[in-house]
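K.L.:
Sharing a structure with you now.
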Amino acid sequence: MQRSATGSATAVDNETVVVHVQLRPRRGATRKCLAALAALAAEHDAVSFAVSGVSKDDRVVRLTVGVELGPRTAIAKFSPQAQAAYAFVSAMFTSLYDHMPVYTAEPSAEERAAAAALLESAARGAAASGIPTAEEPVPAPRPALAVERIPA
């Protein structure tokens, strides 16, 4: 990839990196998985993440969680933000083992739309279609700090 000397390399270096982890709870364990994710999120309150994709098949629901590692240059220096994000991802793999976590690619537009609908319904406390209610916590996405946001 060719980069100009005028600043393209800086834009790439400051780009925020997101790692995607997919949780695959069995259909009957989706609420339990979301509750466990909420509990884990409470232990890692400095980490910026979001449920960024939802899809399903006959056996499992696939919940994709996007975790922000921070700007590329900060990751290379193993910044506190990157360390916290890596600790969160590690904890997802160990404490949510029953929900079969795997690294995955960025979710599709359809999966992102389903995740947005899930989070919107959860915020309203809807109980339709097996979506968790207000009594069953769903982790809310944590937005990145303004200094971390890079325009697309």
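K.L.:
Would you be so kind as to identify which of VAL61, ALA74, PHE49 lies farthest towards the positive end of the dipole of the stretch 33-84, taking Lys and Arg as +1 and Asp and Glu as -1 on Cβ and the Cα centre as origin?
P.N.:
Among VAL61, ALA74, PHE49, the one farthest towards the positive end of the dipole of the stretch 33-84 is ALA74.
K.L.:
Moving to a separate point now. Let me see the pair-distance distribution of the stretch 17-79: every alpha carbon pair, 5 Å bin width, integer percents in order.
P.N.:
The distribution over the stretch 17-79 is 4, 17, 22, 22, 15, 10, 6, 3, 1, given as percents.
K.L.:
Please report, in whole Å³, the volume per residue of the convex hull around the C-alpha atoms of the stretch 49-99. Could the numbers behind the result be given before it?
P.N.:
Values: hull volume 3.8 nm³, N = 51.
Given the Cα convex hull of the stretch 49-99, per-residue volume reads 74 Å³.
K.L.:
Would you pull out the residues with amide H under 5 Å of MET100's amide H, same chain only if 5 or more places away, H placed 1.01 Å from N?
P.N.:
ARG24
Laboratory data are not the source of any read-out in this text; all were calculated from the coordinates shown. What you are looking at is a predicted structure, and each value in this text was computed from that prediction instead of being measured. Every residue, glycine among them, receives a Cβ derived from its backbone with ideal geometry; neighbour counts consider all protein chains shown.
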